[in-house]
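The values are calculated or read from the model by the stated rules, or taken from the named source; none is laboratory data. Here the structure is a predicted model, which means the values were calculated and not measured. Ideal geometry is used to build each Cβ from the backbone, glycine not excepted, and the neighbour counts take in all protein chains shown. We work out accessible area using only protein heavy atoms, side chains counted, and drop any ligands, DNA or RNA first. Shrake-Rupley method; radii C 1.70, N 1.55, O 1.52, S 1.80 Å.
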Amino acid sequence: MRTPHASATVATLAAALAGLEVHERELAERTPPTRIPSHGHGIVLAPWPNRVRDARWTHDGTVQQLDVTDPGNNTAIHGLLRNTAYRISQRSDDAVTLTATIHPQHGWPFLLDTAVRYALSDEGLTVTHTATNRGSTAAPWAVGAHPYLRIGAGPLEAVTLEVRGTHYLELDAQLLPVAVHEVEPGGDFDLSTPRALGELDLNVAYQDVATGRGGAAVLTSPDGDRTVVWQDPEFRWLQVFTPRNFPHVAANGSSSPALAVALEPMTAAPDALNSGEGLVWLEPGERWEASWGIRYEGNA
């Protein structure tokens, strides 16, 4: 996709965002077309984001056993579409819509049609998710995205991160929530004042993040340019992850491990199939829609 001042690449595998540049500034990590998205970069997380404890949940009194897709934590991670090739249903110079059906399978006795629309403008990208229940009974639904974002092509250590969220989730050894805490001013998880990414080591979900165009999170480069992640009210959670071994791909195609930051909008908390936190139940034929996006703000 392209506009006069922006370009974006979207893969059919997992409908992943594989690159984004606005006003010649790199706003997302690159995934070459011959590679699987590393660390889940850019993929759509549906019909649940994050993990399900022991890959098991209960529906109408019956235990549902999902496939274990995160063996190290004995969980089912990031839904059922991360290895699915989406279909392109609409396409233009500045937008593309991809669709995928979630069929009944292990631990998931439901039928959902899903879609994601990427719409590019000269200020950034708007991502709109939809789901329609094609089954005969109510079906649970949640969605998230997994972009690794940047502000420019240089190293991220001096880039600052601000997250506008009032609570965070305490995680256990399976990286699943066991408690919700208010963000303590000045504490380890307080990013209301921007902090350098080089100082952070995070894998945490923020709850009750700011919604609307003002933004839930902001990356700021040393020269003052910003990448803003904004979320509709349906996206109350934002997962923040800062690995040091992400394979950053430079413009010339070379790759090397580097610090990266995933800013993951989510409509539900981790383990929502068990807790119900943020989970939506769609009646037969019901359709759901919500958006999030990435905006570039130059240093005026």
(request) Considering only residues that are surrounded by fewer than 22 Cβ atoms within 10 Å (Cβ to Cβ) and polar (S, T, N, Q), look in segment 9-41 and name the one that is nearest to residue 123 (Cα to Cα). (result) 9
(request) Would you point out the residue of segment 83-98, among those that are under 16 Å from residue 45 (Cβ atoms) and not aliphatic (A, V, I, L, M), that is least open to solvent (accessible area, probe 1.4 Å)? (result) 86
(request) Mind listing just one residue for me: the one in segment 153-169 that is more than 17 Å from residue 200 (Cβ to Cβ) and at pLDDT 95 or above and, of those, surrounded by the fewest Cβ atoms within 10 Å (Cβ to Cβ)? (result) 166
(message) Residues that are assigned to a loop (DSSP other than H, G, I, E, B), open to solvent by 20 Å² or more (accessible area, probe 1.4 Å), farther than 23 Å from residue 231 by Cβ and in contact (Cβ under 8 Å) with a residue 40 or more places away in the chain: does segment 137-149 have at least one?
(response) yes
(message) Go through segment 240-276 and report how many residues are open to solvent by 10 Å² or more (accessible area, probe 1.4 Å), part of a strand (DSSP E or B) and acidic (Asp, Glu).
(response) 0
(request) Determine, yes or no, whether residue 128 is modelled with pLDDT of 95 or more, of a type in the set (Ser, Thr, Tyr), in a loop (DSSP other than H, G, I, E, B) and open to solvent by 20 Å² or more (accessible area, probe 1.4 Å). (result) no
(message) Just the residues that are touching a residue at least 24 places away in the same chain (Cβ under 8 Å) and open to solvent by less than 40 Å² (accessible area, probe 1.4 Å), please, taken from segment 175-187.
(response) 176, 177
(request) Could you pull out the residue among 190, 201 that is open to solvent by 70 Å² or more (accessible area, probe 1.4 Å), of a type in the set (D, E, K, R), in a loop (DSSP other than H, G, I, E, B) and out of contact with any Gly (no Cβ under 7 Å at 6 or more places or on another chain)? (result) 201
(request) Among the residues of segment 58-76, write down those that are open to solvent by 20 Å² or more (accessible area, probe 1.4 Å), of a type outside the set (S, T, N, Q) and more than 18 Å from residue 135 (Cβ to Cβ). (result) 61, 63, 67, 68, 70, 71, 72
(request) Look through segment 92-102, keep the residues that are touching a Leu at 6+ places or on another chain (Cβ under 9 Å) and of a type outside the set (A, V, I, L, M), and return whichever of them is nearest to residue 51 (Cα to Cα). (result) 101
(message) Against the condition in contact (Cβ under 8 Å) with a residue 40 or more places away in the chain and within 20 Å of the chain's Cα centre (by Cα), how does residue 11 come out, does it pass?
(response) no
(request) Could you check how many residues of segment 36-72 are assigned to a strand (DSSP E or B), of a type in the set (D, E, K, R) and over 16 Å from residue 145 (Cα atoms)? (result) 3
(request) May I ask you to say which residue of 246, 241, 235 is in contact with a helix residue (DSSP H, G or I) (Cβ under 7 Å, 6 or more places away or on another chain) and aromatic (Phe, Trp, Tyr)? (result) 246
(message) Looking at residue 33 and the list (1) within 19 Å of the chain's Cα centre (by Cα); (2) over 15 Å from residue 264 (Cα atoms); (3) in a loop (DSSP other than H, G, I, E, B), which single condition is not satisfied?
(response) (1)
